[in-house]
Amino acid sequence: MPRLCKPSVSVPEYVITMEQTLEFAERVYGGKPSLPLALRLIRNTGVAKRHIVRPIEEVLHHPGFEARNRIYEFESKKRCPEVIAQALANAEVTVQDIDVIIYVSCTGFLMPSLTAWLINSMGFRSDTRQLPIAQLGCAAGGAAINRAHDFCIAYPDSNVLIVSCELCSLCYQPDDDDVGSLLSDGLFGDAVAAAVVRGSGGTGIALERNASYLIPNTEEWISYAVRATGFHFQLDRRVPGTMEPLAPVLRELAMGHGWDIGDLGFYIIHAGGPRILDDLAKYLDVDRSMFRHSWATLTEYGNIASAVVFEATRRLFDEDPPMPGATGIIAGFGPGITAEMALGRWSIGALGDTGQIQRRASTSYLERDFAPTARK
């Protein structure tokens, strides 16, 4: 059965605290009628700090769409390889064991996808399949897990690498001063994540069932307006209320699998904002502490888009791994409004239990030998 192994997550070195966010907002947007409400909403997010790829003064200056995209390419190539190397080590696989790379990002554009560069620069096999996902926003992390699950069911013993590169600060638009834009400016952070779904073996979440759901007639609630200056994020004020119609969908998914949604061992939920988490806990009749990994991600990193589910999963591995057999759910929400959901069970495998894995001693990309090796 396919297993989601321990993710690797990295955040950039530049930090902006909640206090700094509020100070910059008052300095840049002082006198704007939307500012008082936006400041109140930002305070209520509970985000203590966020990480960004460039110093804040540089982020506040918009150099143009072309320059921004060049930064995205540079930073993604700079930051992804080491995160990938750690994810491969976590899963006890090598580059030669990977059959598919799923790359998810909604904060920059490259063609060919970064997957082509990764295959060429890191020594993945030339027949590695590529699946870029660019337009599912925050839901793309869940979608990537589900597509990896599907592939491993279709091709048993295959291994899928998922890479999430979300550099949300590169989408900042200084001229957008509506409440939704200002709130987003104080909520989103940057992160790179990677994880392997193994077709067999490994320790992690054994994926048993997945599903997607689109709330009808909500496609304009989360969107990009693509203009000469780049991606302009648009957030409808009704988005925080979407957990009420989505909670029954999650409940029915679990019920159809013979599980009680209110009595699972772990919950990996997209940390879109505090109301998303509070409402979903209420409608599922789950204690909010069960979402602690999502809350911690939101507090320490902000909303890191598709990378949230991987960071929350990493915390599950590191802080309190469930007992073998514990049941759980992974859920990501994004534009559409789309929900991507997966049910799984905590499973433990022995080191090297597929007979094809060769663990690397170093976790650093610069120290790792990516020369092709024969697959057994």
> Are any residues in region 6-37 more than 30 Å from Gly204 (Cα to Cα) and either of a type in the set (Gly, Ala, Ser) or in contact with a strand residue (DSSP E or B) (Cβ under 6 Å, 6 or more places away or on another chain) (or both), and if so, which ones?
Replying inline: Tyr14, Val15, Ile16, Thr17, Ala25, Gly30, Gly31, Ser34
>> Being at pLDDT 95 or above and either surrounded by fewer than 21 Cβ atoms within 10 Å (Cβ to Cβ) or in contact with a Ser or Thr (Cβ under 7 Å, 6 or more places away or on another chain) (or both): is that true of Asp157 here?
In response: no
> Which of the residues belonging to region 125-142 are at pLDDT 95 or above and surrounded by fewer than 24 Cβ atoms within 10 Å (Cβ to Cβ)?
Replying inline: Arg125, Ser126, Asp127, Thr128, Arg129, Gln130, Leu131, Pro132, Ile133
> Between a first residue in region 305-323 that is farther than 9 Å from Gly141 by Cβ and a second residue that is assigned to a loop (DSSP other than H, G, I, E, B) and of a type outside the set (Val, Ile, Thr), which pairs have beta carbons less than 6 Å apart while being 6 or more apart in sequence or on different chains?
Replying inline: Thr313/Pro7; Arg314/Pro7; Phe317/Lys6; Pro322/Gly265
> Taking region 45-67 only, how many residues are on the phi < 0 side of the Ramachandran plot, surrounded by fewer than 20 Cβ atoms within 10 Å (Cβ to Cβ) and either not assigned by TED's automatic domain parsing to the domain that holds Ser169 or not β-branched (Val, Ile, Thr) (or both)?
Replying inline: 14
> Quick one: is Thr373 assigned to a loop (DSSP other than H, G, I, E, B), hydroxyl-bearing (Ser, Thr, Tyr), touching a helix residue (DSSP H, G or I) at 6+ places or on another chain (Cβ under 6 Å) and modelled with pLDDT under 95?
Replying inline: yes
> If you take the residues of region 5-40 that are more than 18 Å from Cys165 (Cα to Cα), crowded, with 16+ Cβ neighbours inside 10 Å and of a type in the set (A, V, I, L, M), which of them is farthest from the chain's Cα centre (by Cα)?
Replying inline: Leu35
> Condition test on Thr115, is it at pLDDT 95 or above, over 18 Å from Pro2 (Cβ atoms) and either surrounded by fewer than 24 Cβ atoms within 10 Å (Cβ to Cβ) or of a type in the set (Asp, Glu) (or both)?
Replying inline: yes
>> Condition first: farther than 30 Å from Gly199 by Cβ, part of a strand (DSSP E or B) and not aromatic (Phe, Trp, Tyr). Now tell me which residues in region 1-18 satisfy that.
In response: Val15, Ile16, Thr17
> Can you tell me which residues in region 283-337 are among the polar types (S, T, N, Q) and either touching an Asp or Glu at 6+ places or on another chain (Cβ under 9 Å) or crowded, with 23+ Cβ neighbours inside 10 Å (or both)?
Replying inline: Ser294, Thr297, Asn303, Ser306, Thr313, Thr327
>> Can you name every one of the helices (runs of 4 or more DSSP H) wholly within region 40-124 that holds 3 or more residues which are more than 24 Å from Asn303 (Cα to Cα)?
In response: 65-91, 114-122
> Looking at Ser158, Ser126, Ser121, Ser76, which is the one that is among the hydroxyl-bearing types (Ser, Thr, Tyr) and under 18 Å from the mean Cα position of the chain (by Cα)?
Replying inline: Ser76
>> Return the pair list, or none, for Cβ contacts closer than 8 Å from residues in region 252-272 that are assigned by TED's automatic domain parsing to the domain that holds Met323 to residues that are outside any helix (DSSP H, G or I) and exposed (fewer than 13 other Cβ atoms within 10 Å of the Cβ), at least 6 apart or on different chains.
In response: Ala254/Asp260; Gly262/Asp285; Gly265/Met323
>> Can you tell me how many residues within region 238-259 are farther than 15 Å from Leu214 by Cα and either surrounded by 14 or more Cβ atoms within 10 Å (Cβ to Cβ) or touching a strand residue (DSSP E or B) at 6+ places or on another chain (Cβ under 9 Å) (or both)?
In response: 6
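The values are calculated or read from the model by the stated rules, or taken from the named source; none is laboratory data. Quantities reported herein were computed from a predicted structural model and do not represent experimental measurements. So basically every Cβ, Gly included, is an ideal-geometry build from the backbone, and we count neighbours across all protein chains shown.
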